[in-house]
1. Quote the accessible area belonging to Thr73 in square angstrom, nearest 10, computed with a 1.4 Å probe and with ligands, DNA and RNA left uncounted.
2. To the nearest 20 debye, what is the magnitude of the charge dipole of region 71-169 about its Cα centre, counting +1 on the Cβ of each Lys and Arg and -1 on the Cβ of each Asp and Glu?
3. Say R0 is 22 Å: what FRET efficiency, to the nearest 0.05, do Tyr167 and Glu62 get from their beta-carbon distance?
4. Just to confirm the number: angle between the C-alpha axis of helix 3-12 and the first principal axis of the chain, 0 to 90 degrees, nearest 10?
5. Which entries of Lys8/Lys168; Lys47/Lys168; Lys99/Lys151; Lys9/Lys99 show an alpha-carbon separation above 32 angstrom in the structure shown?
6. Report the charge-dipole magnitude of the chain in Debye, nearest 20, computed about the Cα centre from +1 at each Lys and Arg Cβ and -1 at each Asp and Glu Cβ.
7. Tell me, what is the percent relative contact order of region 37-169, built from C-alpha pairs under 8 Å that lie six or more residues apart?
8. Tell me, what is the 1.4 Å probe accessible area of Met65, in Å² to the nearest 10?
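The values are calculated or read from the model by the stated rules, or taken from the named source; none is laboratory data. What you see is a predicted model, and the numbers here were worked out from it, not measured in a lab. With ideal geometry, Cβ positions are generated from the backbone for all residues, glycine too; neighbour counts draw on all protein chains shown. When the accessible area is computed, the model is the full protein with side chains, heavy atoms only, and any ligands, DNA or RNA have been set aside. Shrake-Rupley method; radii C 1.70, N 1.55, O 1.52, S 1.80 Å.
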Amino acid sequence: MSYANSIKKMIEDGNDILQVAKLFGGIDRLLEISKTSPYLVALIQTKLGGSLDCSAEGEDGEMVMFSLNFILTDLEAIDVDDINHYNATVDIIIPEIQKSPALMQMLLTWLDDYLSDMGNEVGSFNDNNLNDKMIWVYAESINGKSFENIKSGVSDQEVLRIIPEKYKD
């Protein structure tokens with residue numbers, strides 16, 4: 001049985017995607033092995049996906065909820081007081097702003113501040129096995145691109161102008 005078939009069987013049998021990735025040398029190696037099978041790539045990316053449930057204060061003072069989809073790019077296990085915690089690095093997927101580096105940089109800057117405050121309370125994962133773990137989410141990129149944070153920061157109102165309406169609750 002090929003590696004790709006073994007991976008497919010393990011995922012379809014309900015194994016935790018991170019355990020499968022660990023067996024094959026990590027997420028990057030897992031994706032490398034699977035690239036010959038479009039079905040397997042889609043299956044892995046679905047399992048590695050999730051969403052960030054965010055909120056920002058609108059101009060009227062009301063909180064505006066919105067959700068951003070992501071793909072997990074790295075997961076690091078850390079032990080804190082003998083309790084397994086994880087640091088998850090994600091790539092935010094928001095195609096509507098992919099042609100605007102300035103908007104992506106603003107959103108990434110805002111997310112860095114937001115996630116440092118909210119930690120593990122905002123991420124939900126497509127793989128239910130991950131939702132049972134203490135995972136701190138860090139947005140490293142948007143649409144596969146990384147940016148330096150804007151030193152002056154980004155306000156809630158500015159980020160709400162960036163987020164397309166279809167992402168808002």
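1. Answer for Thr73: close to 50 Å² accessible.
2. For region 71-169, the charge dipole is close to 620 debye.
3. Working: r = 17 Å, r/R0 = 0.76.
After rounding, the FRET efficiency stands at 0.85.
4. So the inclination is approximately 70 degrees.
5. Details: Lys8/Lys168 34 Å; Lys47/Lys168 24 Å; Lys99/Lys151 22 Å; Lys9/Lys99 38 Å.
Cα-Cα > 32 Å for Lys8/Lys168; Lys9/Lys99; rest within.
6. 1020
7. Details: 227 pairs, mean separation 40.7, N = 133.
This gives 31 percent for region 37-169.
8. Accessible area of Met65: about 90 Å².
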